[in-house]
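The values are calculated or read from the model by the stated rules, or taken from the named source; none is laboratory data. Source: prediction; values computed, not measured. When we count neighbours, we look across all protein chains shown, and the Cβ atoms used for this are built from the backbone with ideal geometry, even at glycine.
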Amino acid sequence: MRTLRRLLVVFAALLATNATSFFVLSSNQEAGVYPGNADSIGIPIMEMLAVSALIFLLLAGAIYVPKKGLAGTAVGFLLAVSAATVSTILVLSWAIPNHYSIAVASSLVVAISIWLACVFARERLTLQSRGQTTAGQA
C-alpha cells in the first residue's frame, strides 16, 4: 500500500506541475507576453509532458524496484537521484520572468525525488548495518 501511495504522490505532483505550466503559458499568451509571430505554446507544453513522463518512469522504477539486498536499494537510489537531476534541470529551465510559477511547481517534483532518494539511502544503510550483502556475494 505504501508503494501505491508513493506512486500517487508522484503522479499528483507531476499533474499539478503540468496543469500549472499549461495555465501559465496560456495566460502569458493571452496577456501578450509572447510576440505574435512566436511559436505555438504547444511545444513547451508537449516538452513538459515528455519530461514528466521520463520523471514518472524513473520514480516508478525507483518505487517498484525490489528492495531485497543492497543492489535493489542502490538501483532505487540511483533512479531517484536521476529523477531529481532531471527535475532540477526542469526547474532551472523555467526560472525566467513570467514563468516562475512553473519553476516553483516543478520544485515540488525535485523535493519528492530527493525525498525518495533519502528513503532508499536510509534503507541501504539499514541493510548494511544488518550485514546483508548483494546477490551473488557470499
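Some values worked out for this structure:
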{"read-out": "Single unsatisfied condition, Pro44 versus (1) over 30 Å from Gln128 (Cβ atoms); (2) in a loop (DSSP other than H, G, I, E, B)", "value": "(2)"}
{"read-out": "Hits in the range 39-66 - residues which are surrounded by fewer than 16 Cβ atoms within 10 Å (Cβ to Cβ) and either of a type outside the set (Val, Ile, Thr) or under 21 Å from Ala121 (Cβ atoms) (or both)", "value": "Asp39, Ser40, Gly42, Met46, Glu47, Leu49, Ala50, Ala53, Leu54, Leu57, Tyr64, Pro66"}
{"read-out": "Check on Asn98, in a loop (DSSP other than H, G, I, E, B), in contact (Cβ under 8 Å) with a residue 12 or more places away in the chain and either in contact with a helix residue (DSSP H, G or I) (Cβ under 6 Å, 6 or more places away or on another chain) or not hydroxyl-bearing (Ser, Thr, Tyr) (or both)", "value": "yes"}
{"read-out": "Any hit, the range 83-101, residues being surrounded by 19 or more Cβ atoms within 10 Å (Cβ to Cβ), modelled with pLDDT of 90 or more, over 18 Å from Met48 (Cβ atoms) and among the small types (Gly, Ala, Ser)", "value": "no"}
{"read-out": "Residue match in the range 16-32 (condition: surrounded by 12 or more Cβ atoms within 10 Å (Cβ to Cβ) and under 30 Å from Glu123 (Cα atoms))", "value": "yes"}
{"read-out": "Selected residue (only one of Ala71, Ala53 is under 20 Å from Cys118 (Cα atoms) and of a type outside the set (S, T, N, Q))", "value": "Ala71"}
{"read-out": "Residue list for the range 61-75, restricted to those being in contact with a helix residue (DSSP H, G or I) (Cβ under 6 Å, 6 or more places away or on another chain) and either assigned to a helix (DSSP H, G or I) or not β-branched (Val, Ile, Thr) (or both)", "value": "Gly61, Ala62, Ile63, Pro66, Lys67, Leu70, Thr73"}
{"read-out": "Residues located in the range 59-81, provided they are modelled with pLDDT under 80 and either within 14 Å of Val110 (Cα to Cα) or of a type in the set (A, V, I, L, M, F, W, C) (or both)", "value": "Leu70"}
{"read-out": "Subset of the range 6-18 [touching a helix residue (DSSP H, G or I) at 6+ places or on another chain (Cβ under 8 Å) and without any contact (Cβ under 8 Å) to a residue 40 or more places away in the chain]", "value": "Asn18"}
{"read-out": "Filter result for the condition that a residue is more than 20 Å from Ser101 (Cα to Cα), small (Gly, Ala, Ser) and assigned to a helix (DSSP H, G or I), over Ala13, Ala80, Ala84", "value": "Ala80"}
